[in-house]
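The next block holds one structure in the form of structure tokens; read it before the comments.
The values are calculated or read from the model by the stated rules, or taken from the named source; none is laboratory data. Please read all numbers here as calculations on a predicted model, not as lab measurements. Every residue, glycine as well, gets a Cβ built from its backbone with ideal geometry; the counts of neighbours run over all protein chains shown.
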Amino acid sequence: MKSNKIFNNLILFLGCVGIILIFRIIPHPPNFTPVIAMCFYLPFLFGIWSLPFVIMSFAITDYYIGFHSLLIWTWSSLVIVGMLSKFSIGFKTRISLVITGSFMFFVLTNFGVWLTSSFYEKSLNGLFNCYVMAIPFYTNTLISTAMFSGVIEIFIRSKLFFPNLFKIKAN
């Protein structure tokens, strides 16, 4: 029985990492991916030990997409989003934390753009302009995070596919 649960968890986990890989490679609107939701929910469902695998899925896709100078900002933001899942105690906190994670990703990665690129002057006005110019990307991030989090929450609440997979309070 225990080996069956481990096998189901492994299949589900690999499927989730596969979703990250697929959604980063296929054409999509800028920043409209399940990335933030998956970075939050994989550690929530499987434990913090899953974070290196999430980052590895990014490393694999970044290898194909192309490495860039902001990797430290994006990858560390995603680790922070995953760490937020430790503070989840129910449905309402999960939703508020995943949206907070989306906002943190926006703030940190755009700070990295401002700090390391020559697009913006190195002043408060330049930082402000960087954040303003990134709002359309954040809109896509926020919508996709809410949408994919909703799908994951439906899965968690219904336990449709694996009724005994994980013990989560769906409050």
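Table: residues versus (1) aliphatic (A, V, I, L, M); (2) at pLDDT 85 or above.
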{"site": "Cys39", "(1), (2)": "no, yes"}
{"site": "Phe53", "(1), (2)": "no, no"}
{"site": "Phe58", "(1), (2)": "no, no"}
{"site": "Ile99", "(1), (2)": "yes, yes"}
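Is it true that Thr74 is closer than 24 Å to Val107 by Cα, assigned to a helix (DSSP H, G or I) and polar (S, T, N, Q)?
When the stated conditions are applied, Thr74 passes them.
Looking at this structure, is Leu21 in contact (Cβ under 8 Å) with a residue 40 or more places away in the chain, of a type outside the set (S, T, N, Q) and in a helix (DSSP H, G or I)?
Considered against the rule, which asks whether it is in contact (Cβ under 8 Å) with a residue 40 or more places away in the chain, of a type outside the set (S, T, N, Q) and in a helix (DSSP H, G or I), Leu21 comes out as yes.
Answer yes if at least one residue in the range 114-123 is farther than 15 Å from Leu42 by Cβ, in contact with a helix residue (DSSP H, G or I) (Cβ under 7 Å, 6 or more places away or on another chain) and modelled with pLDDT of 95 or more, and no otherwise.
yes
The rows are residues; the columns are (1) among the basic types (Lys, Arg); (2) under 16 Å from Thr141 (Cα atoms); (3) buried (at least 16 other Cβ atoms within 10 Å of the Cβ); (4) touching a Phe, Trp or Tyr at 6+ places or on another chain (Cβ under 9 Å).
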residue	(1), (2), (3), (4)
Val17	no, no, yes, yes
His28	no, yes, no, no
Pro43	no, no, yes, yes
Pro52	no, no, no, no
Leu70	no, no, yes, no
Thr93	no, no, no, yes
Leu108	no, yes, yes, yes
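Restricting to the range 143-155, name every residue that is of a type in the set (A, V, I, L, M, F, W, C) and surrounded by fewer than 17 Cβ atoms within 10 Å (Cβ to Cβ).
The answer is Ile143, Ala146, Met147, Val151, Ile154, Phe155.
Across the range 81-97, what is the number of residues that are over 9 Å from Cys39 (Cβ atoms) and either of a type in the set (Val, Ile, Thr) or touching a Lys or Arg at 6+ places or on another chain (Cβ under 6 Å) (or both)?
4
Within the range 87-136, which residues are more than 21 Å from Leu71 (Cα to Cα), under 23 Å from the mean Cα position of the chain (by Cα) and part of a loop (DSSP other than H, G, I, E, B)?
Listed by number, the residues that qualify are Ser88, Ile89, Gly90.
Would the range 130-148 turn up any residue that is among the small types (Gly, Ala, Ser), farther than 23 Å from Ser88 by Cα and at pLDDT 75 or above?
Yes, that holds for at least one residue.
Give the range 34-61 a look and list any residue that's over 21 Å from Ser96 (Cβ atoms) and of a type in the set (Ser, Thr, Tyr), or say none.
Within the range 34-61, Ser50, Ser57, Thr61 qualify.
Tell me, yes or no, whether the range 58-71 has at least one residue that is assigned to a helix (DSSP H, G or I), of a type in the set (S, T, N, Q) and touching a Cys at 6+ places or on another chain (Cβ under 9 Å).
no
Scan the range 61-75 and tell me whether some residue there is within 19 Å of Ala134 (Cα to Cα) and β-branched (Val, Ile, Thr).
Yes: the range 61-75 contains one or more residues that are within 19 Å of Ala134 (Cα to Cα) and β-branched (Val, Ile, Thr).
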